[in-house]
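Data first, discussion second: the structure below is written as structure tokens.
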Amino acid sequence: MRLSIDALPLLVRSAGVKNYLYHWIAHLGRAAPADLSIHLFPWLGRLGPLDHQASQVSLLRTGLNLALFHFFNLPANPSLDWFQRADVFHASHLANPPRRPRLSATLYDLTCWIMPQFHTPANVAAERRRAETVWKRAHGLIAISTYTRDEAVRLLGLDARRIRVIPCGVDARFFAATQADAARARARYRLELPYVLWVGTIEPRKNLDLALDAWASLEAALRHAFTLVVAGPEGWANPPTLARLRSQPAGVRYLGYVPEADLPGLTAGAAALFYPSLYEGFGLPVAQAMACGVPVVTSGVSALPEVAGDGALYADPRSLSQMRGALERLLLSPELRSRLAQAGRRRAESYRWEDVARQSLEFFRELAG
């Protein structure tokens, strides 16, 4: 059996999708039996270290692959059929997939339908085109949460029987992060006080402004005992949000993009993860924090309760008072932090990449017949 995977996000600056594809492809390769070969489209070869800010290949190869991708992605262009000899083609960003293989794709979220105002018009148009040319035509789909599957059925009329729910995985380094890793991260980023971590791309959906407001409204004693650490690259944030971060509000540290190798230690060293996102198809930072044994305060909406289970405190992401109250309650109670940390660690065992790869290979076997 020959499986071809559209891996275009590995060539560009990206966060969640790139993380998913990188680890998913790597673990599929390790778990694949001898009679199953995996090939990447465009033609990338062996994976290097994960860097969300850079391509997996050289600048020249990146340019050539992107040019090929855009050529093959022209509407009604049949050329890719001449090159693809796969039994299953798994589409990612390609909206004009080959017609001969069995077709599959991963459903991450439906945010371009639910919250289009938080995306660029070009991103919304591209996602809607992909829904018509890939998702509705696919022989089978993977959804990273039950919530995402149900939203795809509700909003796009997809057949639930064609959608397999297989969750996102968590890098093993988060499960293995030690206090020594945490100490190195604290030293590297000069974090002297205990800290609450907010991590993610700076974009409106992540609700960073409310997180900053909630922090500023805490009792002074708490704000003096802890630091709010914001880690993540600039995405399509509102300029006032970035200006606010750069003004260095009292008790807040903005680290910018944190390399993937530093994230397990930085996460493991946190007293809590504060993640009041307005919408998630999965919520990887929540799962990563739970894998480190870090208690979580997050939103009781979208896929977040499904992912975190009993490993988090929940609040309305549009309510400043609720979010402040949940964070305050957690920071004032070491016993609650300990209980949530243990429950979250147990919950995170469901998100081992080895299990995700095994389930995915079973899905592709069934799809290929």
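The values are calculated or read from the model by the stated rules, or taken from the named source; none is laboratory data. Remember, predicted model here, so these are calculated numbers, not experimental data. Virtual Cβ from ideal backbone geometry, glycine too; neighbours counted across all protein chains shown.
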Might you let me know whether the stretch 104-127 holds any residue that is outside the structural domain of LEU278 (by TED's automatic domain parsing), closer than 18 Å to ILE25 by Cβ, in contact with a Cys (Cβ under 7 Å, 6 or more places away or on another chain) and modelled with pLDDT of 95 or more? no
Test of understanding: among ASP159, ASP181, ASP150, which residue is closer than 25 Å to GLY309 by Cα, of a type in the set (Asp, Glu) and at pLDDT 95 or above? ASP150
Among ARG318, ARG329, ARG324, ARG337, which is surrounded by fewer than 24 Cβ atoms within 10 Å (Cβ to Cβ), assigned to a loop (DSSP other than H, G, I, E, B) and at pLDDT 95 or above? ARG318
Can you pull out every residue in the stretch 271-304 that is touching a Phe, Trp or Tyr at 6+ places or on another chain (Cβ under 6 Å) and among the aromatic types (Phe, Trp, Tyr)? PHE274
Report whether or not ASN77 is at pLDDT below 80, in the same structural domain as PHE364 (by TED's automatic domain parsing) and within 17 Å of PRO98 (Cα to Cα). yes
Taking the condition within 20 Å of the chain's Cα centre (by Cα), surrounded by fewer than 24 Cβ atoms within 10 Å (Cβ to Cβ) and in a loop (DSSP other than H, G, I, E, B), does VAL301 pass? yes
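Which is surrounded by fewer than 16 Cβ atoms within 10 Å (Cβ to Cβ) and either in contact (Cβ under 8 Å) with a residue 40 or more places away in the chain or closer than 21 Å to TRP135 by Cβ (or both), of PRO75, PRO97?
PRO75
Wholly within the stretch 187-287, which helices (runs of 4 or more DSSP H) include no fewer than the required count, namely at least 1 residues that are more than 22 Å from ALA177 (Cβ to Cβ) and among the aliphatic types (A, V, I, L, M)?
208-216, 220-225, 239-246
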Just the residues that are touching a Leu at 6+ places or on another chain (Cβ under 7 Å) and farther than 20 Å from PHE364 by Cβ, please, taken from the stretch 143-194. GLU151, LEU155, ALA185, TYR189
